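The values are calculated or read from the model by the stated rules, or taken from the named source; none is laboratory data. Given the structure is predicted, the values throughout are model-derived calculations rather than measurements. We place every Cβ from the backbone using ideal geometry, glycine too, and count neighbours over all the protein chains shown. Accessible surface areas use protein heavy atoms only, side chains included; no ligands, DNA or RNA. Shrake-Rupley method; radii C 1.70, N 1.55, O 1.52, S 1.80 Å.
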Amino acid sequence: MAPWTDSTPSLYLWAGESGLGKSTLVHSLFLTDLYKDRKLLSAEERINQTVEILKHTVDIEEKGVKLKLTIVDTPGFGDAVNNSECWKPITDYVDQQFEQYFRDESGLNRKNIQDNRVHCCLYFISPFGHGLRPVDVSFMKALHEKVNIVPLIAKADCLVPGEIRKLKERIREEIDKFGIHVYQFPECDSDEDEDFKQQDRELKESAPFAVIGSNTVVEAKGQRVRGRLYPWGIVEVENQAHCDFVKLRNMLIRTHMHDLKDVTCDVHYENYRAHCIQQMTSKLTQDSRMESPIPILPLPTPDAETEKLIRMKDEELRRMQEMLQKMKQQMQDQ
Amino acid sequence: MRTQWSPSAAPVTPLSPLHPDDRHPCALGPMDPLRRSPSPCTSRPPSPRTPPCEMLGHVGIEAVLEQLKIKAMKMGFEFNIMVVGQSGLGKSTMVNTLFKSKMWKSTLPGLGVPMPQTLQLQSVTHIIEENSVKLKLTVTDTPGFGDQINNDKCWDPILGYINGQYERYLQEEILITRQRHIPDTRVHCCVYFVPPTGHCLRPLDIEFLQRLCRTVNVVPVIARADSLTIEEREAFRRRIQHDLRAHCIEVYPQKCFDEDISDRILNSKIRDRIPFAVVGADQEHLVNGRCVLGRKTKWGIIEVENMAHCEFPLLRDLLIRSHLQDLKDITHNVHYENYRVFRLNQSHALPRGPGWVNLAPAPADLTATPGPWKVRWQAHDSSDEEC
């Protein structure tokens, strides 16, 4: 089991079509503007755009506790006319992080491994559809065995309460129907208090979360709140009656951050590792190399320093073996 | 100022014969202003052939308006509209709101019904009557547009349908004994629903609009605009207008068809606001004692007919109250004419007098829009083409 340490920053992957409010939600959740200098692509530029992977690091501090987060954004996903395999750059990225960790783990120096594995993928579902679109289903099926998927209904302020309820039901039904394994909230212990259990129940019943983001502060009922000002009213982002933003924030930062990491390490990473090893053994039997029963790991080509270290260790081993031999002989003589 | 009772309200104006000194029609671009047959009495200065005549008393010429009105009321009007956009953008609801009737049952497709793999066009016709004016309204919906993973060429069935209606009309028109009133199934207006991303037009939108603007009147709208604040709406609109200009997409009302200065002023105001940010609703709610069509959210009620909330009234006025006849005129005089010339040139023949033309069979792929003119002009038709 590959453990995570407390200093491992959580890595959240954000995916979904452009224009669903992903960057606004990042801003609202972590109160940082990562995209201040972002230049939105014009229509001509978008025609030839491919999916990119962009990493941002965020430091947030709350009540004296510092948290480091990494946000991985995927601009260009689902924007083209032909979106076949548009999730491939994302699955490749997730696999690359696993592979890098796998190699580091099998290497010599394991004390300071950099853990860049993706702990959670927040997938934005358009509120305008009648449920999941084909591209949503294909994306989630490509990633559900590799990463924790948390589906979200984006821009939920365009839906009335009845529509939100119907859409959530429909998405849940379609997730079951297509066999997609989204992140399941763990059961809470039986000795927890009622409040906590109630909160937990509400959390589970609200999935998928209908979220609204805002990077402006407006005045509502004499208070300054984060929200969106419309001619017909003000949407308050942190009002639980308006959307599930607070539930999402609690889940990501306060209550389920550790569980997300646990599941990534214990389940997804282990699956990847087992799959990798299986592939290597089958490759070896194909090459019919019968030397050692232990599969030889494809170690990266060691650099000069590591080679020197290996040679030194080899020398040491040889000397120790010679000493052992001498001692044995001495004992036999005696 | 446009009135509803323009002279071309009469059924099928005969085409003006081609004068020898006119330019080669094929050389005229698809959107050439000369294409439109000018009304007999435009505000051009009177030529020596038609000098103005001073009237010495009241004759009663304006009674012709009343005659036209009676005739039109008897016959009724036809209007064909097509709505295009991804599923869930409120197309069916918008149609219901526009005509204040349940044209479509806005139902969610059942779970057991898979999403259509290919684009399937569905048409429904209703006769609406108001103040004894009958309107035969046909609405064509396009479920499945832009919903697949690979949306390449998803516009082909739509182009095929539109050209198919032109073909139907053409076949009726070139008969020797043709009907007095040819049933008009040609699409007069295509409303394109742009999703409210807030950024700019997507590649799919550009591809579709580029192709369709040459074949039919297209009115783009920002769908589900209740997810955008007023500032976001304006910024989005400006960006869309910029994209349309950058890709030379001429949406309705096209600049080149403004007949005179008053048209230009009126249409410029409309062009400045296109695309309209619309919200559709088919449920009524009580607001300040009035019953209004709207959407009730936890933070307020969005009134569909309130200009402060959305621009639905502008769309309704454009499509029904002010430009309905103009849409039909441009469809008939420009888009249909382009198609007709293209098809007749394909058969290398033009009608000469009363004989009917043996048209080459319509190509299986009606998606080819009459694009840049490459056909040769044949002034003398081969006699074996005639029946």
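The residues of region B:226-248 listed by number as losing at least 50 Å² of accessible area in the complex, against the isolated chain and with a 1.4 Å probe, are B:Asp226, B:Ser227, B:Thr229.
For the peptides A:272-282, B:228-238, B:174-184, the ranking by mean Cβ contacts within 10 Å, running from highest to lowest, is B:228-238, A:272-282, B:174-184.
For region A:307-323, backbone phi angles converted through the Karplus equation (6.51, -1.76, 1.60; θ = phi - 60°) give residue-by-residue couplings of 5, 4, 4, 4, 5, 4, 5, 4, 4, 4, 4, 4, 4, 5, 4, 4, 4 Hz, Gly and Pro being listed as x. How many percent of the accessible area of region A:165-274 is carbon or sulfur, using a 1.4 Å probe? Solvent-exposed carbon and sulfur of region A:165-274 make up 45 percent of the total. Among A:Gly64, A:Gly162, A:Gly131, the largest mean-square fluctuation in a Gaussian network model of chain A, built with springs joining Cα atoms closer than 10 Å, belongs to A:Gly64. The distance from the alpha carbon centre of region B:237-273 to that of region A:145-191 is 43 Å, rounded to a whole number.
Surface burial for B against A, with a 1.4 Å probe and both sides summed, reaches about 4100 Å² of accessible area. Across region B:204-215, rounded Karplus estimates of 3J(HN,Hα) from the backbone phi angles (6.51 cos²θ - 1.76 cosθ + 1.60, θ = phi - 60°) give 5, 4, 4, 4, 5, 5, 4, 6, 7, 5, 7, 10 Hz, Gly and Pro being marked x. The loop-placed trypsin sites (Lys or Arg not before Pro) in region A:200-234, going by DSSP, that have at most 11 neighbouring Cβ atoms within 10 Å of their Cβ come out as A:Lys221.
For a straight C-alpha distance cut-off of 24 angstrom, the lysines reachable from A:Lys221 (same-chain residues fewer than eight places away being disregarded) are A:Lys155, A:Lys247, B:Lys296, B:Lys298.
Treating cross-link reach as a plain straight distance, find the lysines whose alpha-carbon is under 19 Å from the alpha-carbon of B:Lys328, omitting any fewer than eight places away in the same chain. Within the straight-line limit of under 19 Å, B:Lys328 reaches these lysines: B:Lys69, B:Lys71, B:Lys74, B:Lys134, B:Lys136, B:Lys255.
For B:Lys91, the lysines whose Cα comes closer than 18 Å to its Cα, not counting residues fewer than 8 places off in the same chain, are B:Lys100, B:Lys102, B:Lys105. When the other protein chains are added to the chain by itself, burial of at least 50 square angstrom of heavy-atom accessible area (probe 1.4 Å, ligands and nucleic acids ignored) affects these residues of region A:118-140: A:Phe128, A:His130, A:Arg133, A:Pro134.
Note on region B:167-270: Kirkwood hydrodynamic radius from all Cα pairs is 16.1 Å, rounded to one decimal.
What's the local net charge at A:Gln334, with K and R +1, D and E -1, over the other residues with C-beta under 14 Å away? Result for the neighbourhood of A:Gln334: +1.
The loop-placed trypsin sites (Lys or Arg not before Pro) in region A:50-150, going by DSSP, that have at most 12 neighbouring Cβ atoms within 10 Å of their Cβ come out as A:Lys63, A:Arg110, A:Lys111.
Taking Cα atoms only, the orientation of helix A:270-287 departs from the longest principal axis of chain A by about 50 degrees. For region A:80-95, backbone phi angles converted through the Karplus equation (6.51, -1.76, 1.60; θ = phi - 60°) give residue-by-residue couplings of 7, 5, 10, 9, 4, 6, 6, 8, 4, x, 6, 5, 4, 4, 4, 4 Hz, Gly and Pro being listed as x. Annotation for B:His247 and A:Lys55: the two label points, set 7 Å from Cα along the Cα-Cβ direction, are 3.5 nm apart. For A:Gln223 paired with A:Arg201, estimate the spin-label separation in nm (one decimal), with each label point 7 Å from Cα along the Cα-to-Cβ line. Modelled inter-label distance: 2.6 nm.
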